[in-house]
Amino acid sequence: MIFKIVVMESEERPAKVRKLEHADDEHSIPAANVAPTSTTSDVPVPVISENAESEESDNAATGTTAENDDAAPKLSKNQLKKQRRHERWEAGREDRKLKRKEKIKEKKERRREAWKSGNTDENGNVARPPPARLPRRTAGLGTQVPVTIIFDCDFEDLMFDHELKSLGLQITRCYSDNRKAKFRAHLALSSFGGKMKERFDGILAQQYTSWKGFRFFEEDFVDVAQKSKEWMADAKGGEVAGALKPLEENKTSGEQGNTEGTAEEGEIVYLSAESDNVLTHLKPNSTYIIGGLVDKNRHKGICHKRAVSRGIKTAKLPIGEFLEMNSRQVLVTNHVLEIMLKWLEFGDWGKAFMDVIPKRKGGRLKEGGDDEDADTYEADDKERLDQDMEDAKQEAEDASAEATADVPASAEVVEAEKAIAD
């Protein structure tokens, strides 16, 4: 390629601007290596500066750039805000610690006074209060009953990563709810593997291996349901208590007939909202299967089809018989389990639904229900919601404090540990 050199007069030639001399000046503009074209030429001709070529070759050889490497990196506005926020957080660490201690102390005093007012005998002696938190590695203080609930977790291919994470937290909450329940059921998880097992082994640090009354199997729900008959028939299988006891008494007294009562024992039922059968009550020595699927109702009826294809009986909770709801009647995994545990305690589906189902779903007892009881449930739910909000604020402060430590804590670990501790 042939370049034409244009000779310019001294007063027309622009002053050279060297890159290295003006790199720190933000308002300086490097001169281009293309000179103005002559008015006598119809075609613009680029001018190659020998000095520019030598400068570029020197920079390439030395690895220097137009910016000054020794200058400190400048922080953006967002980075400055984060830095100041972190400094304020560190400055108030001691104050928050004192406030937490005061709140815990006040909470213990309120609990002690409430217990004292209702548990004082005639001589003025106060009974010893139960522990505020159950000791770890124990099944709980409730009564074990011969009922098994299995979580079918063979839907990993149908869920996104955040849905798998949500399911893992729901399973953790199920363990916590069963551990605190007045009447505890046997819990089991089928098709345990894949990403869920990786999450439980990694992020949750294999905490599930110490869960009492919760078994994990790689087999599918049919095989696990057959195994459940063995541990329910064992000496530690539990006793018929709570809402199950009247059914057992009716069976032994012959009101239902011994033959019919024996035939109904030991059934296996897959819970599905699409089923035509309604679950009127739980039965001793029976196994109930809950589909472990979080999909925002993308795959409708898949649990029902799965159970029918394997020849398993299906049933749905009697939500429509007791409640009027503004939203769909599909509940998350831990809510289904908690409703069943509440029925074991109350023997009343309506009371169990009102005690568990979130108010955002618009559930209300149908006509014939006790409005006063409904108001009581709403008041109790508001009180429990306020307590949950207070616990959530405390958890957020603790999580933020741990995040600033040398080893940051995962938000999922914090939430899972809170669920287990509750």
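Please treat every number below as a calculation from the coordinates, not as lab data. Since we're looking at a predicted model, the values are computed, not measured. Neighbour counts run over all protein chains shown; Cβ positions are idealised from the backbone, glycine included.
Using only Cα atoms, figure out Rg for the range 143-369 and give it as a multiple of 2.2 N^0.38 Å.
Ratio of Cα Rg to 2.2 N^0.38 Å: 1.00.
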Revision key, fill the gap. Once GLU122 and LYS107 are pulled to full extension, the length gained, defined as 0.36 nm per residue separation minus their Cα-Cα distance, is 2.7 nm
Review point. Once label points are set 7 Å from the Cα along Cα→Cβ at both LEU158 and LYS366, what is their separation, rounded to one decimal in nm?
Key: 2.8
Study note, to complete from the structure: Fraction of alpha-carbon pairs in the range 180-219 farther than 13 Å apart, rounded to whole percent, equals 59
**Study point:** Cα→Cβ-extended label distance, 7 Å offset, between ARG88 and TRP115, nm
**Key:** 3.9
**Study point:** Inter-label distance, nm, simple model (7 Å from Cα along the C-beta direction), ALA132/LYS97
**Key:** 1.9
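Exposure proxy check: THR148, THR138, THR333 ranked by fewest other beta carbons within 10 Å?
Going from sparsest to densest Cβ surroundings: THR138, THR333, THR148.
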**Study point:** Dipole magnitude of the range 143-369, debye to nearest 20 (Cβ charges: Lys/Arg +1, Asp/Glu -1, about Cα centre)
**Key:** 800
Check your understanding: Per the Kirkwood formula on distinct C-alpha pairs, the Rh of the range 68-175 is how many angstrom?
Key -> 21.1
Point to revise | Largest-first principal axis extents, alpha carbons of the range 265-313, Å | key: 35, 19, 19
Practice item. Would you kindly calculate the translational diffusion coefficient of the range 145-186, applying Stokes-Einstein with the Kirkwood radius from alpha carbon pairs, for 37 °C and a viscosity of 0.692 mPa s, and quote it in µm² s⁻¹ without decimals? Key: 281
Study note, to complete from the structure: When SER228, SER117, SER191 are arranged by how many other beta-carbons sit within 10 Å of their Cβ, fewest first, they go SER117, SER191, SER228
Study note, to complete from the structure: Over 22 Å (Cα to Cα) among LYS105/LYS359; LYS283/LYS351; LYS316/LYS366; LYS245/LYS313 -> LYS105/LYS359; LYS245/LYS313
Point to revise | Whole-angstrom Cα spans of the range 135-219 along principal axes, big to small | key: 37, 24, 19
Revision key, fill the gap. Residues TRP115, TRP343 in order from fewest to most other beta-carbon atoms within 10 Å are TRP115, TRP343
